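Undergrad: Quick one: the structure is below, and I'll ask about it shortly.
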């Protein structure tokens, strides 16, 4: 596992959970991590991660055309 050190000014008022969720939710939104992987990165359970996604402007539902075609084919 990689460790990243980042200096964040105090006036940003960004706690560790917010920072982890911002990074994990963006990687999830971009399709680079599954919900489970993103939850692990954020240090949360999958359930908690999914519940918090909306707070960070990310939908749990994928709207990619290929995903929709796959869902229809598997229905």
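The values are calculated or read from the model by the stated rules, or taken from the named source; none is laboratory data. Remember, it's a predicted structure, so these values are computed and weren't measured experimentally. Virtual Cβ from ideal backbone geometry, glycine too; neighbours counted across all protein chains shown.
Undergrad: Scan region 10-24 and give yes if some residue there is in a loop (DSSP other than H, G, I, E, B), in contact (Cβ under 8 Å) with a residue 24 or more places away in the chain and touching a helix residue (DSSP H, G or I) at 6+ places or on another chain (Cβ under 6 Å), otherwise no.
TA: no
Undergrad: Would region 33-42 turn up any residue that is surrounded by fewer than 14 Cβ atoms within 10 Å (Cβ to Cβ), modelled with pLDDT under 95, assigned to a loop (DSSP other than H, G, I, E, B) and over 9 Å from the mean Cα position of the chain (by Cα)?
TA: No: zero hits.
Undergrad: So the check is Cβ under 7 Å with 6+ separation or different chains; which pairs have a first residue in region 32-52 that's more than 16 Å from residue 16 (Cα to Cα) and a second one that's exposed (fewer than 14 other Cβ atoms within 10 Å of the Cβ)?
TA: Every condition considered, the pairs that remain are 46/36; 50/60.
Undergrad: Just a yes or no: is a residue in region 44-63 at pLDDT 95 or above, closer than 19 Å to residue 3 by Cα, surrounded by 12 or more Cβ atoms within 10 Å (Cβ to Cβ) and touching a helix residue (DSSP H, G or I) at 6+ places or on another chain (Cβ under 7 Å)?
TA: Checking region 44-63: not a single residue is at pLDDT 95 or above, closer than 19 Å to residue 3 by Cα, surrounded by 12 or more Cβ atoms within 10 Å (Cβ to Cβ) and touching a helix residue (DSSP H, G or I) at 6+ places or on another chain (Cβ under 7 Å).
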